[in-house]
Amino acid sequence: MATEDRNFTHSTLREQIVEHVFVGDVLRTLWRRGVTDVEILRPEFDAHGYDVVMSRGPVVRHVQLKTQAAGKVSVGRALAEKPSGCVVWIGLNKDTLELVLSCGSATHLDVRVDPEKKFLSGKNTIRFRMLQDGTRIQIDLNSTLNVDKILLGSTELKYTREAWSVFIDFPQTLRAGKIYSIDFFYSGYPKSTGRFGSFTFGLDPAGHPWINTACEEVGASTWWPTKISGAKK
């Protein structure tokens, strides 16, 4: 049976496989980081459109999984009634059912924020899978923020900037299907922008620093280096 026919005819089975692989990938990532006090629940029935519930300590997320390759994605409004409702948009290899984020990458952000100076600095460790052989990748970052350096292991990489795009060049060809990791160091003064502010500094009613991020519409690259996709807005 052709791949497209199998994905359509056995869509329920495919969804179950995707969910199990996603949960396994999450748990493996947490295991590598020494995190074991997590709970993942699957609903017998739900009226809010989520697939799994993930929790650690006081944090609870109702997660809906989407595997649409491109274009607009339909999300039920009922999910918004959950205080922690979210959508994870995943790229899917239809032949093997292997999962990658829609941008082909995963990130680990380590950032320091100075509320008084309204300044941030840090690094993003970006793991990515090459979809084809190449010597260059593109990462997005607000042009008002500085690129301090980009490392592949201990090797500092060359790059060029065009508006919000950072084109990173590698000394050797990266091979399709292989996973690589870079450390992207950056710093600067994030600008409040977009309908929700993106990254804003303020004060709470008691006069203490209050910082919030809301990147929907403009994307997370307004304040950290990433690859813009539906999952990062």
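The values are calculated or read from the model by the stated rules, or taken from the named source; none is laboratory data. Owing to the predicted nature of the structure, the values given are computational and were not obtained by experimental measurement. Note that we place each Cβ from the backbone using ideal geometry, even for glycine, and neighbour counts take in every protein chain shown.
Observations on the model:
- Any hit, the stretch 212-222, residues being of a type in the set (A, V, I, L, M, F, W, C), modelled with pLDDT of 70 or more and surrounded by fewer than 21 Cβ atoms within 10 Å (Cβ to Cβ): yes
- Which numbered condition S105 fails, given (1) more than 14 Å from the chain's Cα centre (by Cα); (2) modelled with pLDDT under 85: (1)
- F201, sole failed condition from (1) aromatic (F, W, Y); (2) within 20 Å of the chain's Cα centre (by Cα); (3) closer than 17 Å to G122 by Cβ: (2)
- Qualifying residue in the stretch 116-123 (condition: aromatic (F, W, Y) and at pLDDT 75 or above): yes
- Every pair of residues 6+ apart whose Cβ atoms lie under 7 Å, when the first sits in the stretch 13-36 and is under 11 Å from L97 (Cα atoms) and in a helix (DSSP H, G or I) while the second is charged (D, E, K, R) and modelled with pLDDT of 85 or more: E19/D51
- Among residues of the stretch 70-98 being within 17 Å of the chain's Cα centre (by Cα) and at pLDDT below 65, the one that is surrounded by the most Cβ atoms within 10 Å (Cβ to Cβ) is V73.
- Unique match (being under 19 Å from the mean Cα position of the chain (by Cα), in a strand (DSSP E or B) and small (G, A, S)) among S181, S187: S181
- Answer residue from the stretch 161-195, given it is among the hydroxyl-bearing types (S, T, Y) and surrounded by fewer than 17 Cβ atoms within 10 Å (Cβ to Cβ) and is nearest to Q132 (Cα to Cα) among those: T173
- V111, sole failed condition from (1) surrounded by fewer than 14 Cβ atoms within 10 Å (Cβ to Cβ); (2) in contact with a strand residue (DSSP E or B) (Cβ under 6 Å, 6 or more places away or on another chain); (3) modelled with pLDDT under 80: (3)
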